[in-house]
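The values are calculated or read from the model by the stated rules, or taken from the named source; none is laboratory data. As the structure is a computational prediction, the values presented were derived from the model and not from experiment. Here the Cβ positions follow ideal geometry from the backbone for every residue, glycine too, while neighbour counts run over all protein chains shown. Protein only, heavy atoms only, side chains kept; ligands, DNA and RNA dropped before computing areas. Shrake-Rupley method; radii C 1.70, N 1.55, O 1.52, S 1.80 Å.
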Amino acid sequence: MNTIANQRISALRELMASRNINATIIPQTDPHQSEYLGAHWQVRRWFSGFTGSAGTLVVTRDKALLWVDSRYFIQATAQVDGSEIGIMKIAMPGTPTINEYLTTNLRGGDTVGLDGMLFSSSEIDKMKREFKPHGIKIATDFDPADGLWNDRPALPDAPVIIHDTKYAGESAESKLVSLRKFIADNKADAMLISALDELAWALNIRSRDVRCNPVATAYLLVGSNDATLFINPDKITDEVATYLSSLGIAIAPYDSLSTSLAKSAYPVVAIDPATTSARVIEILNERAKQVTSPITLNKAVKNEIQIQGIRQAMVRDGVALVKGFMEIERRVKAGERITEITVSEILKHHRSERDLFFDESFDTIAGYGSHGAIVHYSATPETDVPVGTSSLLLVDSGAQYLDGTTDITRTIIIGEPSEAQRRHFTLVLKGNIDLVSAIFPQGTRGTQLDALAHLPLWKAGLNYMHGTGHGVGHFLNVHEGPHSIRTNEMPTPLEPGMIVTDEPGLYLEGEYGIRCENTLLVVPAMHTDMGQFYGFESLTLFPFDRKLVDTAILDYNELNWLNNYHHRVYTILAPHLDETEREWLRQQTAPIN
């Protein structure tokens, strides 16, 4: 792979030279600014061999550099080893941003070439501001894969399905009425929806275009009295065609968007610059009106039907996890060869037997021993190792059910833990409990709560560098904004109905990794003379490994929370289990003195 990466980068430089391009930026995204991509858009992966879900490759005439965040420091270094690609560790001392690097290493008159469909208008505007003082130009019509990726996969063609209102909680008709009111209030004539999860939410449709994320590759242009869905027509079944027609939505080919926008009679088209590609906005030119999409927040605040659905999905998920972890434990103790890939297969099998299962919500991360220290590790036949009894097994997994999306991480040991493993695990668990126990006033942002999860580790001179929590979609993308819990500033306050994860961790390179993750619902807590206060409800239903808990580290309130949580897990899941499974769960949730 490393030899192949060098060859592809060399061919790219020849293409750059032929176009007078001095540097190119290859992001991990698609024309919809998605985090998770269909195979057609895996351009950065094709050039570099790095398989992480985030990271940007920059190629100049003499350098190739890959910018990655802390989740991928170890993985990226290993996957590009032996190639000419250097690793740039984001947010580490001495690491410049991509724009800083280019303004330092390019000269006045040089050109940065990029595919403007893969960059938001906000990103391009920032580049222009930072490049202009240095005389650096931008060409947004440069496709790095053009003529090089000859066997590039076609655009996805999975059929569209209708997401029933009994799960969605609100009809597409109602959502379109609200969207048209927003358009009118903002004095626009139409709005273009580019983000795939926003489009899926607005129309109550889903698909399998992107692995583990049930979205359809399309654009939606909504006018005051009409609407057009730009999509591969082969994806539209007769049932979906009838459904869309009932909503007053016409169908046009996916690749006709640019032509249609150029010819459209809408004087003002609202777009969200954070999710709309720069090339699209260039086509609209002065007709584009930049707004923040109302769907982003509406989608994040779940309605009561969605909340009840996710609670029910968590019960089914908890049952599947009991069956799965019991099987893993039994087979390892019996001396069978259970590998990291086997762990993933076991969990998927038990989830797939649950009602309303659709898919996994992301590729399972099952890392044993030192592999657990690779934050977003993905086992391959080349890296797959057996699960033993002497180290920790970190398992981060989730599922897509028609009534909700799940995401959980548990760290377990099948043998006996060392004192260091118990200490480290309990510090991480302590942070998890301290965050879920928080009560906070209306208007609080996730950034303000992040230190609660970090503090036990910080006091011990330890740290993790990834975000503490991300929003979760409802039968949609497992990563969802606009809210999150992390150290850097996130301006969106937490509101009741929002779902967010709670996942502090600790990663010791070459030894083991630990992460404790539950999915939480923001709920009202109390109202006093000081105003409204909110808190969290734990949606996830599965025990933490009691053998890894050091009670000397937890205070009374934390231990009480853990015992109460385990009691709740048992009470809710036990009626859905057989006698053997109930006994296993009873032992796993027994009170800790």
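On a per residue basis, the chain carries 40 Å² of accessible surface, using protein heavy atoms and a 1.4 Å probe.
The Cα trace of the chain gives Rg and Dmax of 24.6, 74 Å, the first to one decimal, the second as a whole number.
Counting only Cβ charges, +1 for Lys and Arg and -1 for Asp and Glu, the dipole size of the chain around its Cα centre is about 780 debye. Net length available on complete extension from TRP458 to THR165 is 100.9 nm, with 0.36 nm assigned per residue and the Cα-Cα distance removed. Taking a sphere under 14 Å around the Cβ of ALA202 and counting the other residues whose Cβ falls inside, with K and R at +1 and D and E at -1, yields a net charge of 0. Looking at the square roots a ≥ b ≥ c of the eigenvalues of the Cα gyration tensor of the range 21-135, which shape do they give, rounded for a/c under 1.5, prolate if a/b is larger than b/c, or oblate? Oblate is the answer for the range 21-135, as a/c is 1.5 or above yet b/c matches or exceeds a/b. With a Förster radius of 25 Å, plug the Cβ-Cβ distance of ARG61 and LYS128 into 1/(1 + (r/R0)^6) and report the FRET value to the nearest 0.05. That gives a FRET efficiency of 0.70. Stretching LYS333 away from SER390 to a fully extended chain increases their span by 19.3 nm, per 0.36 nm per residue minus the current alpha-carbon distance.
Could you let me know the centre-to-centre spacing of the range 235-298 and the range 50-94, using Cα atoms, in angstrom? A separation of 34 Å, based on Cα centres.
Estimated purely from DSSP H runs of n ≥ 4, each contributing -39500 (n - 2.57), the mean residue ellipticity at 222 nm for the chain is -11000 deg cm²/dmol once divided by its residues. Protein heavy-atom surface of the chain, 1.4 angstrom probe: 50% of the accessible area is carbon and sulfur, with nucleic acids and ligands not counted. A simple spin-label model places pseudo-atoms 7 Å from Cα toward Cβ; at ASN564 and LEU148 they are separated by 5.7 nm. Legend: residues VAL301, VAL387, sorted from most to least accessible area (1.4 Å probe; ligands, DNA and RNA excluded), read VAL301, VAL387. Relative contact order of the chain, taken over Cα pairs closer than 8 Å and 6 or more residues apart, is 11 percent. Summary of the geometry: the range 428-454 and the range 381-408, compared by the centres of their Cα atoms, lie 25 Å apart.
For the range 451-553, the relative contact order is 18 percent, taking Cα pairs closer than 8 Å that sit 6 or more residues apart in sequence and dividing their mean separation by the residue count. With a cut-off of 14 Å on the backbone N, the residues of the range 198-236 near the modelled label site 7 Å out from SER174 along Cα-Cβ are 202-204.
Once the Cβ-Cβ distance between ALA11 and LYS181 is put in as r, and R0 is 56 Å, what FRET efficiency do you end up with, to the nearest 0.05? It comes out at approximately 0.65. Each of VAL112, GLN290, THR528 was scored by the projection of its Cα onto the charge dipole of the chain, and the greatest displacement toward the positive side belongs to VAL112; charges sit on the C-beta of Lys, Arg, Asp and Glu. Each Lys and Arg adds +1 at its Cβ and each Asp and Glu adds -1 at its Cβ; summed about the Cα centre, the range 27-174 shows a dipole of about 600 debye.
What pairs in LYS89/LYS126; LYS175/LYS263; LYS137/LYS235 have C-alpha atoms more than 32 Å from each other? Over 32 Å apart, Cα to Cα: LYS137/LYS235.
Hydrophobic, long helices, defined as DSSP H runs whose alpha-carbon span along the helix axis is 30 Å or greater and whose mean Kyte-Doolittle value is at least -1.0, occur in the chain at 304-333.
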